[in-house]
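Undergrad: The structure's right below; bear with me while I get my questions together.
The values are calculated or read from the model by the stated rules, or taken from the named source; none is laboratory data. Bear in mind the structure is a predicted one, so any value in this text is a computation, not a measurement. Cβ placement follows ideal geometry from the backbone for every residue including glycine, while neighbour counts extend to all protein chains displayed.
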């Protein structure tokens, strides 16, 4: 637990209104980031991922006091350094308290396993086929986590790999570049050829073919 | 004034009985749930009634679930304090409710007096609420969450019907 500092750089969307109608948990997403994995409201958090909440109160006549988060079931959802860490499937109340430990509100948070990964562009459009890039172009891809038909929230440390098929060199035609987030990657087309990009979170994977043309 | 035909000693007995009845039934605050249960989980507060009215409360709560409970006695309870006999099963904390509730009939309002009860581990314990207006005991039973659907594996043997394991 630690006090949560409001951030003017981040805007979010409601993850859930409090049961006492006095506070909300909001995912930290930039306003222009349509594909932010923390954006989706009311979604369960994927096991093994982190959810970074902003907490706001809806109290008349007062600004938001200094608040702390506490989990009712830390084996389901733990609170670590201000983030909600999804540990196992289930539900847990996340208590929103003031410094004197009196509870302002609480939100029941659900955790679910990942059964599928899909890829989307940063504007939110889902990738459904191969991607063609000219040399020097780049595209940012974002993995979306699912439990069946249920979209999940949370940031996971996804593993990104490229397997070049033509030419079959170690370097490959595409570079995978980090952009500062745990899950997103920017693909930069370097040389003509084809490659398969694989994104893995635990045992669940998604792939997309990329062709680079001169 | 003593009614005609009722001896004075009997009237005194009746007055004492009425006073005792009022003391039993009217000098205890009432509790009410102030938040919903999440889907598939339990957070149910029931009043346990006897001949004289509500004698106590019982609460069924799923593990990991929280419930806000308000206390009233002609208005929000004054100086409300709550303790749990076994915080490892269910703990209780003061709630900061901003909502104003009417007090008496003079038009005054005061912030709602409430606590939040949280189910920590399966078992049964007692939450004791005490206030200037009297006390209430809540027997809390914390139940485990239902098993995830994925753990109910279906096994099929050749030539047989599916069998749940």
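Undergrad: Give B:40, B:75, B:53 a once-over and let me know the one that is at pLDDT below 95 and either within 12 Å of chain A (Cβ to nearest Cβ) or within 16 Å of residue B:126 (Cα to Cα) (or both).
TA: Values: B:75 fails: either within 12 Å of chain A (Cβ to nearest Cβ) or within 16 Å of residue B:126 (Cα to Cα) (or both); B:53 fails: either within 12 Å of chain A (Cβ to nearest Cβ) or within 16 Å of residue B:126 (Cα to Cα) (or both).
Step by step, each of B:40, B:75, B:53 is checked, and only B:40 is at pLDDT below 95 and either within 12 Å of chain A (Cβ to nearest Cβ) or within 16 Å of residue B:126 (Cα to Cα) (or both).
Undergrad: Can you pull out every residue in region A:151-165 that is farther than 16 Å from residue A:120 by Cβ and in a strand (DSSP E or B)? Quick ask: steps written out before the conclusion?
TA: Step one: list which residues in region A:151-165 are farther than 16 Å from residue A:120 by Cβ, which gives A:157, A:159, A:161-165.
Passing the criteria: A:159, A:161, A:162, A:163, A:164, A:165.
Undergrad: Would you check if residue B:65 is under 15 Å from residue B:130 (Cα atoms) and within 14 Å of chain A (Cβ to nearest Cβ)?
TA: no
Undergrad: Please go through region A:96-130 and pick out each residue that is over 22 Å from the mean Cα position of the chain (by Cα), more than 15 Å from residue A:24 (Cα to Cα) and at the interface with chain B (Cβ under 8 Å from one of its Cβ atoms).
TA: Hits for region A:96-130 are A:101, A:102.
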